[in-house]
Amino acid sequence: MSHNILLKTIAYFKIAQVQLTPNNTALEKAITKTVSGVTITNPSSQLIFIGTLNHETINKYIVQNVNITNDTIVYVDKIHETKDTNKLWKSIKELEKIRVSIDLFYGGLLFFRREQVKEHFKIRI
C-alpha cells in the first residue's frame, strides 16, 4: 500500500527526480515503469523516499541535507510500524525546518515550505 501512495505522490506533484534511501531495486523498477519521465538520482532536491527510519537517516537525509529546498518533499515509509518509528516520526514533525507533515498511516509526507504556517495533518487512506 505504501508504495502505491509513493507512486501517486510522484504523479500528483509531477516529480522528475526521486532519491531512494536505502536503494531499492524493485521500487525503482516500479517507479520508472509506472510514472513516465522520472529518474532515480542521488541526491534529489525534489522527492526523497526514506524506507528505513532511524536517527542516522533523519540526520543525514533531513537535518543535515544541504540539497533540501523550499519545494522538496520527503516521503517516510512505515511511520507506525513500531513504537520506535512512531516516536521518530513525532520527533521529525517537531523539527523547525518541517513546515507541513501529513500522516497517511502507511507513510508520511514532509514539506519544507518556509512561507507556510507549521501544520500537521492526519489522513487515513
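Just a few scattered comments:
- Selection over the stretch 2-59 of residues that are on the phi < 0 side of the Ramachandran plot and either part of a loop (DSSP other than H, G, I, E, B) or touching a Cys at 6+ places or on another chain (Cβ under 6 Å) (or both) gives a count of 19.
- Test: residue 94 is within 16 Å of residue 122 (Cβ to Cβ) and over 11 Å from the mean Cα position of the chain (by Cα): yes
- Residue list for the stretch 1-57, filter: of a type in the set (Ser, Thr, Tyr) and farther than 13 Å from residue 76 by Cα: 12, 25, 32, 34, 36, 39, 41, 44, 45
- Within the stretch 73-88, the set of residues being outside any loop (DSSP other than H, G, I, E, B) and either of a type in the set (Val, Ile, Thr) or over 11 Å from the mean Cα position of the chain (by Cα) (or both) comprises 73, 74, 76, 83, 84, 85, 86, 87, 88.
- Complete set of residues in the stretch 53-72 that are over 11 Å from the mean Cα position of the chain (by Cα) and polar (S, T, N, Q): 54, 57, 59, 64, 65, 67, 69, 70
- Residue 110 being in a loop (DSSP other than H, G, I, E, B) and buried (at least 20 other Cβ atoms within 10 Å of the Cβ): no
- Residue 22 vs. criteria closer than 20 Å to residue 112 by Cα, surrounded by fewer than 18 Cβ atoms within 10 Å (Cβ to Cβ) and touching a residue at least 12 places away in the same chain (Cβ under 8 Å): no
- The listed residues are 44, 36, and the only one of them that is closer than 17 Å to residue 6 by Cα and loosely packed, with under 11 Cβ neighbours inside 10 Å turns out to be 36.
Read-outs throughout are calculated quantities, based only on the coordinates presented, and are distinct from any laboratory measurement. Keep in mind the model is a prediction, meaning the values are calculated, not measured. Heads up, the Cβs are rebuilt from the backbone with ideal geometry, glycines too, and the neighbour counts pull from every protein chain shown.
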